[in-house]
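Below is one structure, written out as structure tokens; comments come after it.
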Amino acid sequence: KVVSRYDSGRVKELKLNKVTVSGRELRRLFDLNSANFTLSIGEKVTIRTKGYGHGVGLSQYGADAMAESGADYQTILPPYYTGVTVEGFNG
């Protein structure tokens, strides 16, 4: 049973019998695309995931494609993080 979720919808904590595990642990254990999942237990156990990644909003594939096309971080980040201003980086 899913006990709690983050605001993003990802599973924070779930109970399997008397054992409590994090959504992140279950994601890692079953190599799931996301910790945003539903769990159904009947004759079979069914796990359905929604989305990919860690839920922080940046598509690694999309960002990589933009970079391959010559875009820099100042062009790549704003579409993923709306309302954010990207300033110089002295890195």
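Taking region 19-34, which residues are modelled with pLDDT of 90 or more, within 15 Å of K50 (Cα to Cα), open to solvent by less than 80 Å² (accessible area, probe 1.4 Å) and not basic (K, R)?
G23, L26, L32
If you take the residues of region 6-18 that are under 23 Å from G57 (Cα atoms) and without any contact (Cβ under 8 Å) to a residue 24 or more places away in the chain, which of them is surrounded by the fewest Cβ atoms within 10 Å (Cβ to Cβ)? Before the answer, list the steps.
Taking region 6-18 first, the residues under 23 Å from G57 (Cα atoms) are 6-13.
Of the ones still in play, those that are also without any contact (Cβ under 8 Å) to a residue 24 or more places away in the chain are 7, 12-13.
Details: D7: 7, K12: 15, E13: 17.
If we take residues in region 6-18 being under 23 Å from G57 (Cα atoms) and without any contact (Cβ under 8 Å) to a residue 24 or more places away in the chain, then D7 is surrounded by the fewest Cβ atoms within 10 Å (Cβ to Cβ).
Please verify whether region 52-66 includes one or more residues that are open to solvent by less than 80 Å² (accessible area, probe 1.4 Å), in contact with a Lys or Arg (Cβ under 8 Å, 6 or more places away or on another chain) and not acidic (D, E).
Initially, region 52-66 is screened for residues open to solvent by less than 80 Å² (accessible area, probe 1.4 Å), giving 53, 55, 57-59, 62-63, 65-66.
Imposing the further condition that a residue be in contact with a Lys or Arg (Cβ under 8 Å, 6 or more places away or on another chain) reduces the set to 55.
From what is left, the residues that are not acidic (D, E) are 55.
Yes, there is a match, as at least one residue in region 52-66 is open to solvent by less than 80 Å² (accessible area, probe 1.4 Å), in contact with a Lys or Arg (Cβ under 8 Å, 6 or more places away or on another chain) and not acidic (D, E).
Across region 69-89, which residue is nearest to the chain's Cα centre (by Cα) among those that are on the phi < 0 side of the Ramachandran plot and surrounded by fewer than 10 Cβ atoms within 10 Å (Cβ to Cβ)?
If we filter region 69-89 for residues that are on the phi < 0 side of the Ramachandran plot, which is where we start, we get 69, 71-82, 84-89.
Now drop any that are not surrounded by fewer than 10 Cβ atoms within 10 Å (Cβ to Cβ), which leaves 69, 82, 84-85, 87-89.
On the way: S69: 25, T82: 18, V84: 20, T85: 23, E87: 26, G88: 27, F89: 26 Å.
The selected residue is T82.
The values are calculated or read from the model by the stated rules, or taken from the named source; none is laboratory data. Because the structure is a prediction, the values reported are computed rather than measured. Note: ideal-geometry Cβ built from the backbone for every residue, glycine included; neighbour counts use all protein chains shown. Note: accessible area is taken over every heavy atom of the protein model, side chains too, but ligands, DNA and RNA are not part of it. Shrake-Rupley method; radii C 1.70, N 1.55, O 1.52, S 1.80 Å.
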